[in-house]
Amino acid sequence: MPQTPSTADPEASQIVPFPAGFRIEEIATNGTTLHVRTGGQGPAALLIHGYGETGDMWGALAHALAPTHTVVVPDLRGMGLSAKPDGGYHKKTQAADMAGVLDALGIATAALVTHDIGNMVGFAFAALYRDRVTKFALIDAPLPGVGPWDEILKNPLLWHFRFGGPDMERLVAGRERIYLDRFWNEFSADPSHFSEAAREHYAALYAQPGAMHAGFAQFAAFDQDAVDNVEFLTHGKLAIPVLALGGEHSFGLGMAEVMRFAATDVTGDVVHGSGHWIMEENPAATVALVTDFLDGK
């Protein structure tokens, strides 16, 4: 099995390292243990990654936020360097994971910045813990059961939503890089912008025992996540400020259309020149849009 690159060894991974002074902790929460990076000062910002990457994707944004924000970056359960339990991949369960991380750090409220499956975990957190979220920036992925979800599911590019189970795990075992290249290539505006160094880094993390099982479980949970999200919205839409960002060659302004079904104060914008992988394809624009939103500009 490939050796897992260390998040503390940027030369090995060539992933943007987190700022000096960030600490790494293994935080026990909600029946599992999450790998968490924390640093900076000021109001908290919780950054949640999605599938095909880990919390390592947020290095450049952490540099921009750390002077004015306490930045918290977990790896989701089953992903990256977090523990890989057999279950618990419904997004409301992972929302409780996030609450436990903030509790362990003594953080009462936070802004959320999320991407891909991180959007789904973040939405469940914002819906369940409404008094703990100050602002919410979601990037380039829909929410199960919300708005045009049923139409989105018809897109043939999303066949991986139904791909999973023991036989699929056997098919992918030892071929994790091939499977992940499909995501990085098909969902990029220009696949060359998802670097070889990043591909090697993430492929090694997803080749760890239990990691692909956990990844498939994230998708398998979508049906129940949809039921949960519909129930959340019976208590009303989110009232906090929401920034809905889409890659120009991916969801674009469609992200704002989705979020207007779930929140009352939504601003939409586009990460130009990017597909789905916004921190790989246009990190400068992504960082600028998110920091302006969090800083109220």
Residue-span extension gain [Asp292 to Ala104] - 0.36 nm each, minus C-alpha spacing | 64.9 nm
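So what is the calculated 222 nm ellipticity per residue for the chain, using -39500 (n - 2.57) for each DSSP H run with n of 4 or more, over all residues, to the nearest 500 deg cm²/dmol?
Details: 13 runs with 115 residues, N = 297.
Helices in the chain give a 222 nm mean residue ellipticity of -11000 deg cm²/dmol.
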The ³J(HN,Hα) series, computed from each phi in the stretch 218-234 with the Karplus coefficients 6.51, -1.76 and 1.60 at θ = phi - 60°, rounded to the nearest Hz and given as x for glycine or proline, is 4, 6, 4, 7, 4, 4, 5, 4, 4, 4, 5, 5, 4, 5, 4, 6, 5
State whether the stretch 227-278 is rounded, prolate or oblate according to the following rule on the C-alpha gyration tensor (a ≥ b ≥ c being the square roots of its eigenvalues): a/c under 1.5 gives rounded; otherwise a/b larger than b/c gives prolate, and the remaining case gives oblate.
-> prolate
Looking at the chain, what % of its DSSP beta bridges pair antiparallel, to the nearest 5?
-> 30 percent
Rounded to the nearest 0.05, what FRET efficiency do Thr134 and Asp223 give with R0 = 30 Å and r taken as the Cβ-Cβ distance? Could you check?
-> 0.45
Tally of Lys pairs whose C-alpha atoms are under 21 Å apart, taken over the chain, 8 or more apart or cross-chain = 7
For the stretch 26-74 and the stretch 95-166, what is the separation of their Cα centres, given in Å?
-> 15 Å
Placed amide H near Ala137: partners under 5 Å, 5+ positions off or other chain | Leu112, Val113, Thr114, Leu243
Can you tell me the Rg and Dmax of the stretch 10-294, counting just the alpha carbons, in angstroms?
-> 17.1, 48
Kindly identify the stretch 176-297 as rounded, prolate or oblate by the Cα gyration tensor criterion: order the square roots of the eigenvalues as a ≥ b ≥ c, call it rounded if a/c is under 1.5, otherwise compare a/b with b/c, prolate if a/b is larger, else oblate.
-> oblate
Spin-label point model (7 Å from Cα, Cβ direction): what's the Leu253 to Thr68 distance in nm?
-> 2.7 nm
Rank these for me by crowding, Asp223, Asp86, going from fewest to most other beta carbons within 10 Å.
-> Asp86, Asp223
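Set the Förster radius R0 to 41 Å, insert the Cβ-Cβ distance between His235 and Met168 as r into 1/(1 + (r/R0)^6), and round the FRET efficiency to 0.05.
Numbers: r = 36 Å, r/R0 = 0.87.
Efficiency, rounded to the nearest 0.05: 0.70.
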Asn185 and Thr267 label points (each 7 Å along its Cα→Cβ direction) are spaced in nm at 3.8 nm
Compute the distribution of all C-alpha to C-alpha distances in the stretch 82-210, in bins of 5 Å from 0, and list the percent of pairs in each, rounded to whole numbers.
-> 2, 8, 14, 18, 19, 18, 13, 6, 1
Where Rh is the Kirkwood radius over the Cα pairs of the stretch 14-102, the temperature 37 °C and the viscosity 0.692 mPa s, what D in µm²/s does Stokes-Einstein return?
-> 251 µm²/s
Other-chain or far-sequence residues with amide H under 5 Å of Val71's (modelled H) = Gly39, Gly40, Gln41, Ala45
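What number comes out for the charge environment of Val73, summing +1 per Lys or Arg and -1 per Asp or Glu over other residues with Cβ under 10 Å away? Before the final figure, lay out the partial values.
On the way: positive: Arg37; negative: Asp56, Asp75.
Once all neighbours under 10 Å are counted, the net charge is -1.
A short reminder: the numbers here are calculations on the coordinates, not readings from a lab. Since we're looking at a predicted model, the values are computed, not measured. With ideal geometry, Cβ positions are generated from the backbone for all residues, glycine too; neighbour counts draw on all protein chains shown.
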